[in-house]
Amino acid sequence: MQKIAMLGSGFIARFYAESIQGYRSRDKIVSIYSRRDESARKFATDYQVEHISTDMEQAIAHPEVTMVCIALPNNLHEAAVLLCCKHKKAVITTKPLGRNAEEAKRMLLAVEEAGIFNGYLEDLVYTPKFIKAYESVKQGALGRILWAKSRETHPGPHSEWFWNLEEAGGGCILDLGCHCVEITRTYIGKNIRPVEVMCWADTQVKPIEAEDHAIGLVKYENGAIAQFEVSWTFRGGLDLRDEVMGTEGTIWINNFMRTGFEMFTTGKGADYVAEKAESNSGWLFPVGDELNELGYNHMFMDMFNAIEKGTAPKESFYDGYVVNAILDAAYKSAKTKLWEPVQLDIWRGETGVTKASNLVEYDADHYLIKEEMTHFGTKKLILKNKHSGKIEERVI
Ligand SMILES: NC(=O)c1ccc[n+]([C@@H]2O[C@H](COP(=O)([O-])OP(=O)(O)OC[C@H]3O[C@@H](n4cnc5c(N)ncnc54)[C@H](O)[C@@H]3O)[C@@H](O)[C@H]2O)c1
């Protein structure tokens, strides 16, 4: 059983609290830190938390606490992590790990030096659909992964600090791109090195310094390409979609707006529909169990199981650091308009991976390009002659 100190009592802290103890779980939040006593008390009442503090260190150091969950704005993650190191408390932190790779690297090195358990709360690689899709990818159902795309767009975040470049550390690239990068990186293989990034970013709608819309490409050492599409200017709700393409197959996932649940209402008795839904009348796309659909349940289960078994969780600070390094390159590319290398001072995956061959053996003299059954009943083969290079067609 984990006894958790929750740092922050806002949007994500409440999602986390619902997931951690909303299902008669044995893990409990025993300590809450919030800047304002009033918010800490409200959270404590809602989630039956015993210890309340407006002092972060006190909340972390409480002797009952076995694990600290960081649910604070991005600029406060590092200070909170360092306090966990000081008090040797296991730490799990929300995304993004840092505002940039330098910050993330310092956090990674600090937790490793302190020898404390560390988990990176990237919920979107724990959604039921992702878990099932990833199993298929691992078993080879899609063959060699060539392209993975992830999109997260919505009408913009819910608190003022997200819109402040200094506090948030970036705009939608950092806020939403961190999810997309980790989703696509996992499909391609977390042991494959991301090498360079090309990114377009702009501030199209909001009166802010940061970008509110971006599209990026991340090239991996094995030749696979990842794509992210992120926006704070999208209208119509929270659009979370992923696509993976391999030599043997494809997966398309719609995580949130097309879950198979469609509803019409005139608006009578209207209530909350789903995160960032912009309307509660007309045709709606409710989400059955948001905590589960967004991966929070499986994520905390992995974190708690891992610490109790003495293993690393699926997502650790190291993963958060790699994600930050990729996003740093995206920011650089958006400025230079060039492919920018991913600067990874710490790399623990494979090295020297080369692109797989694109030559499929057909017979001693030919490579296979493709075969197709036509609508007029003949099967055609397109072959390439190994010696002459000539492309040939055969009907069989
Ligand atoms: N799906 C996800 O994983 C997900 C979703 C939303 C937010 N987040 C992350 O969670 C973190 C918090 O975001 P949120 O949406 O809960 O924001 P929020 O504004 O709803 O809540 C932030 C909390 O931090 C407190 N806070 C704000 N400024 C502070 C300060 N200067 N000192 C101390 N406390 C302060 C607020 O009072 C509040 O309790 C961010 O890192 C964000 O990226 C993750």
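Laboratory data are not the source of any read-out in this text; all were calculated from the coordinates shown. Note that the coordinates shown come from a computational prediction; the quantities given were computed from them, not determined experimentally. Here the Cβ is made from the backbone with ideal geometry for all residues, glycine too, and neighbour counts use every protein chain on show.
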Handout entry: Extended-chain gain in nm, criterion 0.36 nm per residue less alpha-carbon gap, Met301 and Asp363
Key = 17.3 nm
Completion exercise
Within the range 22-61, DSSP-loop chymotrypsin sites (Phe, Trp or Tyr not before Pro) with at most 12 other C-beta atoms within 10 Å are Tyr23
Practice task
Taking the Cα centre of the chain as origin, work out the dipole magnitude from +1 charges on Lys and Arg Cβ and -1 charges on Asp and Glu Cβ, in debye rounded to 20.
Solution key: 680 debye
Exercise for the section: Between Thr45 and Gln139, with labels modelled 7 Å along Cα→Cβ, what's the label distance in nm to one decimal, could you check? Expected result: 5.0 nm
Exercise for the section: Subtracting the Cα-Cα distance from 0.36 nm times the residue separation, let me have the gained length for Ile346 to Phe11 in nm, one decimal. Expected result: 117.4 nm
Problem - Cβ charges +1 (Lys, Arg) and -1 (Asp, Glu), total dipole of the range 19-90, debye - result: 180 debye
Fill in the blank from the handout: Contour minus Cα-Cα span, Glu102 to Glu290, at 0.36 nm per residue, comes to 64.4 nm
Problem - Selection of GluC sites (Glu not before Pro), the range 50-158, meeting DSSP coil and at most 16 other Cβ within 10 Å - result: Glu50, Glu64
Practice task
Mind checking which of Leu359, Trp161, Gln139 is farthest towards the positive end of the chain's charge dipole, using Cβ charges of +1 (Lys, Arg) and -1 (Asp, Glu) about the Cα centre?
Solution key: Leu359
Practice task
With +1 on each Lys and Arg Cβ and -1 on each Asp and Glu Cβ, and nothing else charged, work out how big the dipole of the range 80-218 is about its Cα centre, in Debye to the nearest 20.
Solution key: 800 debye
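How large is the helix-only mean residue ellipticity at 222 nm for the chain, computed as the sum of -39500 (n - 2.57) over DSSP H runs with n ≥ 4, divided by its residue count, in deg cm²/dmol to the nearest 500?
Details: 12 runs with 121 residues, N = 396.
Using -39500 (n - 2.57) per qualifying helix, the result is -9000 deg cm²/dmol.
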Fill in the blank from the handout: When the charge dipole of the chain is computed with +1 on Lys and Arg Cβ and -1 on Asp and Glu Cβ about the Cα centre, the Cα farthest towards its positive end, among Ile70, Ser34, Met56, belongs to Ile70
Completion exercise
So for R0 = 35 Å, FRET eff. of Asn254-Gln58 from the Cβ-Cβ r, to 0.05, ends up at 0.20
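Listed here are the pairs Lys105/Lys335; Lys138/Lys314; Lys42/Lys268; which of them are more than 20 Å apart at the Cα?
Beyond 20 Å between Cα atoms: Lys105/Lys335; Lys42/Lys268.
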Exercise for the section: With a point put 7 Å past each Cα toward its Cβ, work out how far Leu109 is from Glu371 in nm, to one decimal. Expected result: 5.6 nm
Practice task
Show me 9-21, 369-381 ranked by packing, highest mean number of other Cβ atoms within 10 Å first.
Solution key: 9-21, 369-381
Fill in the blank from the handout: The Cα radius of gyration of the chain, divided by 2.2 N^0.38 Å with N its residue count, comes to 1.10
Handout entry: Flagged links, alpha-carbon separation over 20 Å, of Lys129/Lys355; Lys206/Lys276; Lys86/Lys309; Lys3/Lys88
Key = Lys129/Lys355; Lys86/Lys309
Practice task
Select from the range 217-276 those GluC sites (Glu not before Pro) which occupy a DSSP coil region and have at most 12 other Cβ atoms within 10 Å, ordered by residue number.
Solution key: Glu248, Glu262
Problem - Interatomic Cα distance distribution for the range 114-207, bins of 5 angstrom, percent - result: 2, 10, 17, 20, 17, 15, 11, 6, 2, 0
